[in-house]
Amino acid sequence: MTFSASFTIKSTLMAAALAVAGLPAFANEGAIGARQGQFKIMALNIGVLGGMARGTVDYDAAQAQIAADNLAAISQLNQAFNWPEGSDMMAATTNRALPAIWENQDDFLAKWAAFGTAATGLQVAAGNGLEAMQAALGPVGGSCGACHDAYRQPQ
């Protein structure tokens with residue numbers, strides 16, 4: 001084997017090893033991006049409903065139903081891939097997830113389930129008038145706040 005062939009093989013193996021070593025970081029960045037996207041979609045839909053609830057936007061039953069349907073659908077997403085170890089704010093500076101999420105995984109998942117329950121209640125009520133939508137929006141906001149208070153670094 002010539003020096004050139006040996007060097008090429010060693011270089012290829014080194015590059016492969018470095019690529020594999022970087023996979024967890026890449027996977028974490030992908031998970032962080034996915035969950036941030038999920039939360040942006042949630043915020044958009046809550047914003048639509050919040051505007052109606054505050055009276056800054058006219059109540060529209062069809063639009064309220066779409067927003068509530070979106071929130072209920074998001075609440076059903078399995079979160080298994082969104083929260084890998086090492087994707088907290090201490091390991092990756094692109095997010096505000098506190099390490100407590102991984103220390104209290106059962107509580108965190110219970111809070112996600114509570115959001116799902118609240119979102120499903122909102123889905124049932126959203127198209128049935130402003131007052132019904134307003135009443136059902138409160139528990140959604142409460143479930144979001146409970147998780148943020150425990151598991152998200154303030155800005």
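The values are calculated or read from the model by the stated rules, or taken from the named source; none is laboratory data. Keep in mind it's a predicted model, so treat the numbers as computed, not measured. Accessible surface is based on the protein model in full, side chains and every heavy atom, while ligands, DNA and RNA are left aside. Shrake-Rupley method; radii C 1.70, N 1.55, O 1.52, S 1.80 Å.
Both radii are taken from the alpha-carbon atoms of segment 85-155; with Rh as the Kirkwood radius, Rg/Rh is 1.11.
Solvent exposure of segment 38-155, expressed per residue, is 54 Å² of accessible area, with all protein chains present and a 1.4 angstrom probe. For residue 152, nonlocal amide neighbours, meaning residues 5 or more places apart or on other chains whose placed amide H falls under 5 Å from its own, are 98. Close amide H partners of residue 95, meaning residues 5 or more places away or on another chain with modelled amide H under 5 Å apart, do not exist here.
Summary of the geometry: segment 93-109 and segment 113-155, compared by the centres of their Cα atoms, lie 20 Å apart. The amide H of residue 87, built 1.01 Å from its N in the peptide plane, has no neighbour under 5 Å, considering only residues 5 or more places off or on other chains.
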